[in-house]
Each structure stands twice: as C-alpha cells, then as structure tokens.
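*Asks:* Dropping a structure here in structure tokens format, bear with me for questions.
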Amino acid sequence: MKSLIDILDLTVEELDELIATAQDIIANPQKYAEACRGLKLASLFFEPSTRTRMSFEAAMYELGGNVISVTGAGTSSAAKGESVADTAKTVSCYTDIIAIRHPKEGAAYVTAKNATIPVINAGDGGHCHPTQTLADLLTIWREKGRFTNLTIGVCGDLKFGRTVHSLINAMSRYEGNKFVLISPEELKVPSYVKKDVLQQKHIPYVQTTDLMAVMPELDILYMTRVQRERFFNEEDYLRLKDSYILTVDKLKTAKPDLAILHPLPRVNEISVAVDDDPRACYFKQVLNGKYMRMALILKLLKEAGKLN
Amino acid sequence: MKSLIDILDLTVEELDELIATAQDIIANPQKYAEACRGLKLASLFFEPSTRTRMSFEAAMYELGGNVISVTGAGTSSAAKGESVADTAKTVSCYTDIIAIRHPKEGAAYVTAKNATIPVINAGDGGHCHPTQTLADLLTIWREKGRFTNLTIGVCGDLKFGRTVHSLINAMSRYEGNKFVLISPEELKVPSYVKKDVLQQKHIPYVQTTDLMAVMPELDILYMTRVQRERFFNEEDYLRLKDSYILTVDKLKTAKPDLAILHPLPRVNEISVAVDDDPRACYFKQVLNGKYMRMALILKLLKEAGKLN
Amino acid sequence: MKSLIDILDLTVEELDELIATAQDIIANPQKYAEACRGLKLASLFFEPSTRTRMSFEAAMYELGGNVISVTGAGTSSAAKGESVADTAKTVSCYTDIIAIRHPKEGAAYVTAKNATIPVINAGDGGHCHPTQTLADLLTIWREKGRFTNLTIGVCGDLKFGRTVHSLINAMSRYEGNKFVLISPEELKVPSYVKKDVLQQKHIPYVQTTDLMAVMPELDILYMTRVQRERFFNEEDYLRLKDSYILTVDKLKTAKPDLAILHPLPRVNEISVAVDDDPRACYFKQVLNGKYMRMALILKLLKEAGKLN
C-alpha cells in the first residue's frame, strides 16, 4: 500500500498494526517526538474542514515534522485551469506526504495516481473519509478491547452519512458483530450497503425507526449529524433534524458499558448533558483520531522509504 | 490563573513577573529558543487581524514551539452549527494553548470555560484585547522605567477604542498617575470608565478637545485610530477622522522624553514624518508585543503543567 | 544586495554563486537541514499563488526554519487603511526574511525600502517574478551545463508573459545565445524588450509565428501559458489559447537533447503525453525552483547578518 483512499485499502492485519502503533504512541509519545524531523505534510483542504485539518497537522507536528497548509475553495493553480494530476506532481516536489480533502469524489484517487509521494484521503465529497473510520475503530478498540461480538447501533442519517457506511464496511470484516440501523424512513441505509456488504457477508442486522426499543441491547451507539446540505428541501430538514436526539433520559435503559460515538461536529443530536456521562466517548474519539493519523503517517512514510 | 481574558485577570504582581520575563527574553533569547519544543499553539482568528496573529505565531516560534493556524469568518465546524464550547473541547485535543480572536464579545470567555488548555483572548469584539495592553505596558516600562507618577495622554477615539479603556484600567492600579483624555465631543471616554475606574479610584483626570493645550505636560501620548467600522454613518466618520493628527510641528512643545504610542495599524493619525523622531515608540511597541506574548505563553503553559 | 526585486539585481557572479549553492544543497541536503533553525520566513501572498507560496515555504522548512503564512486579497491591516510601508516595518518585527506576492507593481520594492529585513519579490503584478527565473536558470544549467551558445525558443504569450521577459533579460548577459520568439501576431514580445535588451546588446533573434519551422534548431523550448486574465475580450482568448500547443508529434523534428521548460501551471499548452518524453523538464523545474529559493534565502540571510 502506498496511499489510503478507502478504509478497505487496509487489510485487517494492517489495521491491527495501526492500532498497535497508535497505542504505542499513546504510551510513549516521546519515542515519536522527532520521528518525522525534516519531513513535510501537504495539508490540502480544497473543501473546508477545520477539525480534520487540525487533526492531521497536530499529528504531523507531534511526530516532529512540518506542515504546508493550503485551504480554500480552489488553489490559485486550479483556478488557472491546472489539472488535479499536475497539482499532485507539483506538490510531490515540495513535500513528503499529502492529506487531501476535496469536494469531488475521486479527487484523492487521481491525486494518488499522479503523486510520487503517499496520499491520504481526508474526505472526498460524499464518498470516503477513511481516517474518520480509523478514529472510530481505535475508540472501539480502546473502549471494548475487541472488534468482535459487538452489537453496533448506528443512528441518524444513514443514507448520506459516509462515516456510517465506512464503519459498517470496516466492522463487517470481524466475526460475531450485529448491526442495528436506526433512522427515519427517509434516511435509511442505502440498499447497496445492505446488499453488497451486510447480506453478502451474512452479517445480522435489523432496521428500525425506534431508538428506545433497541437501546438496551447496544454495545456501541454511533450517532450522526443530520446535515442540512444533504437535503433537497428545507422542509424535510427541519422536520427530521431533531429526530433521534440522544438525551440523559434516553440513556437510562442503556448498558452500563455502552460506548457512545459521534464523528463531530454535533449540532444537537446529543444533548450537552450527556457529555458528563462516562459512556460518552466522542471527545476521546477526537484524540484517537489524532493518534491514528500519526500511526498512518508513520506507516506510509516508512513504506515510501522516507523513514527507517 | 489559567487563561487570560481581560487585562485585570492579572494581578499587579503577575504583571511585574511578565515584564521581568519579557526583559529576560530580550536579553537572552537563546535561553528560550527551545522552551516550547514539542508544544503547539492554536491560533484561532475567526475575525481577521493579521498583525496580532503574526505576533502570536512569531512568539510561539521564537519559543521553539509549533503553530496551527485557523483563519476566516467561521470555521467550517462553526458553519455546520458547532458550538464554541465544542470547538474549545476539540481544539484542546490537538494543541497545548489557544489564542483566539472572535467578533463576538464573550467568545474567548466561553472558550476558556470549556477548553482543557489555557486560552488567551486575542480580541473579542469591542470588548477586551489584553495582549495589546501588555505590549503597551512593556513599552511604558522600557521607555520610562516606572508605572507611577506619569501624566498619560490618550488621544483620538476614546469611546470605541478598547485599547484605551484597558490601558486606563491597567495604569489606574499604580500610584501617582494622571490621565489627560483628548478627543472630540462625539468620541469621549464612556462615563462607566470614568465612574467605575477613574473616579472610584480617585485618579486625577482632565477631559479636553485641545491636544496642543495639553501637549507640554504629557509623559506618554497614546494615539488611537479612528475606525470607520465604529461609526453609524459615513458623514461623521469623514468629519472626525482627521481630528487630532499628530505632526512634527505639533510635537515642538512636547517634553524631550515624551513616549508616543499607538496600537497600530495607523491610517493617518500620526504623520509619517514623526516616525523619525526618537520619541516615536510605536514600532518598538510591536516588538514589545511579541516579547510579552512570549512571556505570557510561557507563564500559562507552566501553570498548566505543560512546562517545567 | 539586501533584497531581490528584479532578476537583474543579481550580478552574473551572484547568479553563479546561487547556482553553486543550489547544486551543493542537492548533493548534500543534510548539510543544510538546520541552517535556518530559529529563523522565520514571512510568506505574504496578497495575491493567490499556491505553487509559488508552497515552494518558498518548502524551501524554508528544508533549511530548518519556520514560516508565518499570510494569504488573501489583503491583510486585515491593509483593509483598515495601513500603508505597505507600515506593514513592512511591522512584519520586520516578527520575522527574519519576507517573500511577498502582491497584485500591484512596485509593492515588493516599497516593502524592501521600508523593511529592516531582506525582501524577496515573489511576483508583483505583470512586472517581475525573479525566483521563477532562478528556477528556469538552474534548469538550463543542469540540463545544458552552460549558459552560453544556446538557441532558446520562447513560445506562446510573449506579450504579457513576464517570465519570458525576465528569461530574455537574464540570458542576454551570456555570450553566444540566440533567441527564437514564437507567438501569434497579437502576443509578440513588446518592442521595448526587443529594443532595450536584444538590439542594444546585439543579441541575435528571430520572430516567427511558426513553431514547427524552427523546432529543429532549438536547444531550449520555453513554453508559456496563455492566461485568460491577460486578454481584453473573451473572443481573442478563445481563438488564441490553443495556438502553439506542444504535442508528441510536433517534437519529432526536435533535437534529442532539447530541454522543454514551462513555468506552470499549464492548461493545455503542452499535451500530457509529452510528460513521458525525457526532454520534458517542467517538473524538474519545479524542484529546481525550490533549491534556488533555498540558495537565495541563505544568501540574503547571510548578507543581513542573520546567519554565519
């Protein structure tokens, strides 16, 4: 592997290795503090995503490396008509690894095809966002100690939410897991996810509109944001955005060791009062995202021969 | 103290300590060149202020640290509906100290309440801008050798100019000072500043519209910019913006050791010809601002247990 | 020399020295990896140019220095009415060297006049862009081993293309060179370049509209982009933009050791298929630009007494 475009680019073994590296970084940060001295990350955010950008840049700095940051709707070069391929070749002359966020699906893939350095997809349109899934996975690992035999509830916008699709993809590779898909009718998991992933792999799942009915059986509850920009009309958004809000009260029937995840930013899907519940893991997830990005940067730079 | 939101968050003793640290940094920069190695400043400028941002970032780099910079009218997360509180919690996962500039009054305070790392208010609306006051104070200290028994003229926009209010607050804590408040009628110091600060502490002051009449008695002359954005109509701005322009000629009756300060940027409140006068201290003030920010970053990181 | 505004600010001897330094950097990067430790580049891009900005920032990082980056149509200070002169003085308090890109001709010069640190012109309007020419020259040197007795074709927009004018200026100082100026009638080299440079120095040149007719004699072929923003009407742009597109087929009659250069970004002036031809040097040129910027930063910081 040279680049990471989709979470499934990683084998189960590679994922294990990243989890192990991340845990070693957490235990011994000083060991890694100069690992990337003299190397540079190109942080190309052609679509704004401050949180993800900060996570990548913090990761590179904690490895002792440097960052060149490009933000904005398009680079000036793109505005002048330059192709993504030429941008990839040029940026390869200036830096050692690229993290790219782009509104167009496939942009990260084209960048990886043309760059001579490793490329990490930091989100391309509604398609993939594999480092978010890495954050989710490390959080599950640290909270549960396993990737198997878990009942995983995913709740909210399951139609457009790419992080949900990636998580289902990733967790479907482990044994004994069961999915509980909780959403309004309008925002159900697309049938291709159900057919191509869940049914093909014989993963048990249920679909429901009733969060409370399934709450007691969940080991993981993955909440998602209902994004205004995904809706075709404002009326639908307003009607559905408050569905499935997680409150302290709703958590009364949940398991004592439930792990509540959310990719953030949240609007009001989770009441602020839930933050004080020890089962709330979404800010831990932010930290875990940084550690997994550190592990990933190290792995890709090593494979590219830039590190020993 | 964990964060700095308002200049009065600092005791007189803490201020003395910052002044002493800044002077040691000036004398021995090499001693501090690696002090913050491995630590990161989040430079969050939700309102543009290139000068202040550069000062904070230069300060962190001269301490050997790194910087993650966020600029623009709102982060993408804020645009997606995230609260300031959640942003504070998230940024705390990525960095070690925050400098925040925000158009809304109170935003820095809310950030400090929710962050798990120290927060420095780099300006919130028309409210506070304490690190500008730190720059002013170090300049007064280095030029005058004391904070007491000074006749301090403040001139220009005394109504909206937050740096003036902070300076009055800060210098009112020392003995023997006298204020000369020089402005057009429309831009006089608000009565709450006069009542709550000057009168309550029995600080002598005079109000005047005539800069020349008071020039000979001043030890400090603090000029301010008449900001277009503070006016409700263009006509008032145009009529008043050229009042109280400082020229070489007007300085003829001034003391030979007057110190002329200005928070910058200037438009035309001070004639460029004044720059060559040894009494012009406003570019020294820029440098002093960097040193005080260095001292402040060190102090807050130490108190947060991030530094020895 | 304290600053670099125009390529002709450099003597032939200084250019030789920069070329020699760049080649030493290429051969021994580790020798330079900490050369600028503790120093800061102000990367001021008041006009967007991501590629040039990245090149400067990569250069500074590869020298072990830090970067403070300012991008956007104007700084907030400029928006508040600050002069370029005051900005220059202020930035001098925060950093050690400035790279400035500005839409106004002369802005870099005014900055250099007022700054107390070295200034590098990273492009000012249609005027000068000397570090692009440094990239071009190192490429010619590395490909040809000499600056003399070369037949240099320049093709495309020779009227507005400032990089072409600078290259002609720079290469006219060496003996035995000949220029072949290839463009449509509408985009010919301005007469002042022909009179003041080529004719005055008795440099042989030909003007032609026919790329194929002159192809066999060229040692260098410098292609340029036909920029939409340089045209007064859309119709002229559309008619001319595809003139003089370089293809694999057109290269059949070219010398086997032709060096094809382009300042990038390209739109379609050079077919992507040409990229695989060993004579295509434009991505090497990108790399060479970084090395020459490193050499230049070192030279200017040394002359400013900031480096030994």
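*Asks:* Can you tell me how many residues in segment C:135-155 are closer than 17 Å to residue C:197 by Cβ and without any contact (Cβ under 8 Å) to a residue 12 or more places away in the chain?
*Replies:* 0
Let's see how each residue does on (1) in a helix (DSSP H, G or I); (2) on the phi > 0 side of the Ramachandran plot; (3) at pLDDT 95 or above:
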| residue | (1), (2), (3) |
| --- | --- |
| B:14 | yes, no, yes |
| B:25 | yes, no, yes |
| B:34 | no, no, yes |
| B:41 | no, no, yes |
| B:54 | yes, no, yes |
| B:57 | yes, no, yes |
| B:60 | yes, no, yes |
| B:64 | no, yes, yes |
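*Asks:* Also, I was wondering about something else. In segment C:5-13, is there at least one residue being of a type outside the set (A, V, I, L, M, F, W, C) and touching a strand residue (DSSP E or B) at 6+ places or on another chain (Cβ under 8 Å)?
*Replies:* So in segment C:5-13, the residues of a type outside the set (A, V, I, L, M, F, W, C) come out as C:6, C:9, C:11, C:13.
Now restrict to residues that are touching a strand residue (DSSP E or B) at 6+ places or on another chain (Cβ under 8 Å): C:6.
Among the residues of segment C:5-13, at least one is of a type outside the set (A, V, I, L, M, F, W, C) and touching a strand residue (DSSP E or B) at 6+ places or on another chain (Cβ under 8 Å), which makes the answer yes.
*Asks:* Now for a different question. Just give me the residues in segment C:156-165 being open to solvent by 10 Å² or more (accessible area, probe 1.4 Å) and within 14 Å of residue C:198 (Cα to Cα), in sequence order.
*Replies:* C:165
*Asks:* Any residue in segment A:80-87 that is in contact with a strand residue (DSSP E or B) (Cβ under 9 Å, 6 or more places away or on another chain), crowded, with 21+ Cβ neighbours inside 10 Å and at the interface with chain C (Cβ under 9 Å from one of its Cβ atoms)?
*Replies:* Among the residues of segment A:80-87, at least one is in contact with a strand residue (DSSP E or B) (Cβ under 9 Å, 6 or more places away or on another chain), crowded, with 21+ Cβ neighbours inside 10 Å and at the interface with chain C (Cβ under 9 Å from one of its Cβ atoms), which makes the answer yes.
*Asks:* In segment C:6-49, which residue that is open to solvent by less than 50 Å² (accessible area, probe 1.4 Å) and among the hydroxyl-bearing types (Ser, Thr, Tyr) is farthest from residue C:308 (Cα to Cα)?
*Replies:* The qualifying residue farthest from residue C:308 (Cα to Cα) is C:49.
*Asks:* Answer yes or no: is there a residue in segment A:283-304 that is part of a loop (DSSP other than H, G, I, E, B) and of a type in the set (D, E, K, R). Give the steps one after another, and end with the answer.
*Replies:* Within segment A:283-304, the subset part of a loop (DSSP other than H, G, I, E, B) is A:304.
Still in the list and also of a type in the set (D, E, K, R): none.
Among the residues of segment A:283-304, not one is part of a loop (DSSP other than H, G, I, E, B) and of a type in the set (D, E, K, R), which makes the answer no.
*Asks:* A follow-up question, please. Inspect segment B:71-79 for any residue being more than 21 Å from residue B:302 (Cβ to Cβ), within 14 Å of chain A (Cβ to nearest Cβ) and not small (Gly, Ala, Ser) and give the result as yes or no.
*Replies:* We begin by selecting, within segment B:71-79, every residue more than 21 Å from residue B:302 (Cβ to Cβ); these are B:71-79.
With within 14 Å of chain A (Cβ to nearest Cβ) added as a condition, the list becomes B:71-79.
Remaining after also requiring not small (Gly, Ala, Ser): B:71, B:75.
Checking segment B:71-79: at least one residue is more than 21 Å from residue B:302 (Cβ to Cβ), within 14 Å of chain A (Cβ to nearest Cβ) and not small (Gly, Ala, Ser).
*Asks:* Sticking with this structure for a sec: Counting just the residues of segment A:50-67 that are open to solvent by 10 Å² or more (accessible area, probe 1.4 Å) and touching a Phe, Trp or Tyr at 6+ places or on another chain (Cβ under 6 Å), which one comes out nearest to the other protein chains (Cβ to nearest Cβ)?
*Replies:* The residue in question is A:66.
*Asks:* Does segment B:3-12 hold any residues that are hydrophobic (A, V, I, L, M, F, W, C) and not in a helix (DSSP H, G or I), and which are they? Step through it out loud before you land on a result.
*Replies:* Taking segment B:3-12 and keeping what is hydrophobic (A, V, I, L, M, F, W, C), we get B:4-5, B:7-8, B:10, B:12.
Within segment B:3-12, B:4, B:5, B:10 qualify.
*Asks:* Could you look through segment A:220-265, keep only residues that are part of a loop (DSSP other than H, G, I, E, B), among the acidic types (Asp, Glu) and farther than 25 Å from residue A:134 by Cα, and pick out the one that is farthest from the other protein chains (Cβ to nearest Cβ)?
*Replies:* Applying the filter and picking the extreme gives A:249.
*Asks:* From the list B:207, B:132, pick out the single residue that is free of Cβ contacts under 8 Å to residues at least 60 places away in the same chain and either under 20 Å from the mean Cα position of the chain (by Cα) or surrounded by fewer than 24 Cβ atoms within 10 Å (Cβ to Cβ) (or both).
*Replies:* Values: B:132 fails: free of Cβ contacts under 8 Å to residues at least 60 places away in the same chain.
Only one candidate qualifies: B:207.
*Asks:* Also, quick follow-up: For the structure I just gave you, tell me whether residue B:116 is out of contact with any Ser or Thr (no Cβ under 7 Å at 6 or more places or on another chain) and β-branched (Val, Ile, Thr).
*Replies:* Details: out of contact with any Ser or Thr (no Cβ under 7 Å at 6 or more places or on another chain): no; β-branched (Val, Ile, Thr): yes.
It is false that residue B:116 is out of contact with any Ser or Thr (no Cβ under 7 Å at 6 or more places or on another chain) and β-branched (Val, Ile, Thr).
*Asks:* Tell me the residue from C:153, C:126 that is in contact with a Lys or Arg (Cβ under 6 Å, 6 or more places away or on another chain) and either over 30 Å from residue C:45 (Cα atoms) or open to solvent by less than 40 Å² (accessible area, probe 1.4 Å) (or both), please.
*Replies:* Values: C:153 fails: in contact with a Lys or Arg (Cβ under 6 Å, 6 or more places away or on another chain).
One residue alone meets the criteria, C:126.
*Asks:* Next up: Test each condition in (1) open to solvent by less than 30 Å² (accessible area, probe 1.4 Å); (2) closer than 24 Å to residue C:274 by Cβ; (3) over 20 Å from the mean Cα position of the chain (by Cα) for residue C:226 and report the one that comes out false.
*Replies:* The single condition residue C:226 does not satisfy is (3).
*Asks:* Pairs needed: first member in segment A:260-282, not assigned by TED's automatic domain parsing to the domain that holds residue A:246 and modelled with pLDDT of 95 or more; second member anywhere, open to solvent by less than 20 Å² (accessible area, probe 1.4 Å) and of a type in the set (D, E, K, R); C-beta distance under 7 Å; at least 6 residues apart or different chains.
*Replies:* So the pair list comes out empty.
*Asks:* Within segment B:266-308, count every residue that is more than 14 Å from chain C (Cβ to nearest Cβ), in contact with an Asp or Glu (Cβ under 7 Å, 6 or more places away or on another chain) and open to solvent by less than 10 Å² (accessible area, probe 1.4 Å).
*Replies:* Total satisfying the criteria: 1.
*Asks:* Residues of segment B:1-28 being in contact with an Asp or Glu (Cβ under 7 Å, 6 or more places away or on another chain) and either assigned by TED's automatic domain parsing to the domain that holds residue B:118 or within 18 Å of residue B:65 (Cβ to Cβ) (or both), which ones? Please lay out each step first, then the result.
*Replies:* Residues of segment B:1-28 that are in contact with an Asp or Glu (Cβ under 7 Å, 6 or more places away or on another chain), as a first pass: B:1-2.
Within segment B:1-28, no residue meets the criteria.
*Asks:* Give me the pairs: first residue in segment B:91-112 and within 12 Å of another protein chain (Cβ to nearest Cβ), second residue basic (Lys, Arg) and open to solvent by 10 Å² or more (accessible area, probe 1.4 Å), beta-carbon distance under 6 Å, and six or more apart or on different chains, which are they?
*Replies:* Matching pairs, first to second residue: B:96/B:306.
*Asks:* Mind counting the residues in segment A:244-265 that are open to solvent by 20 Å² or more (accessible area, probe 1.4 Å) and over 23 Å from the mean Cα position of the chain (by Cα)?
*Replies:* Total satisfying the criteria: 8.
*Asks:* Let me ask something additional. Just to be sure, is residue B:246 touching a strand residue (DSSP E or B) at 6+ places or on another chain (Cβ under 8 Å) and not acidic (Asp, Glu)?
*Replies:* Numbers: touching a strand residue (DSSP E or B) at 6+ places or on another chain (Cβ under 8 Å): yes; not acidic (Asp, Glu): yes.
When the stated conditions are applied, residue B:246 passes them.
The values are calculated or read from the model by the stated rules, or taken from the named source; none is laboratory data. Every value quoted in this text rests on a predicted model; they were computed, and no experiment measured them. Here the Cβ is made from the backbone with ideal geometry for all residues, glycine too, and neighbour counts use every protein chain on show. Accessible surface is based on the protein model in full, side chains and every heavy atom, while ligands, DNA and RNA are left aside. Shrake-Rupley method; radii C 1.70, N 1.55, O 1.52, S 1.80 Å.
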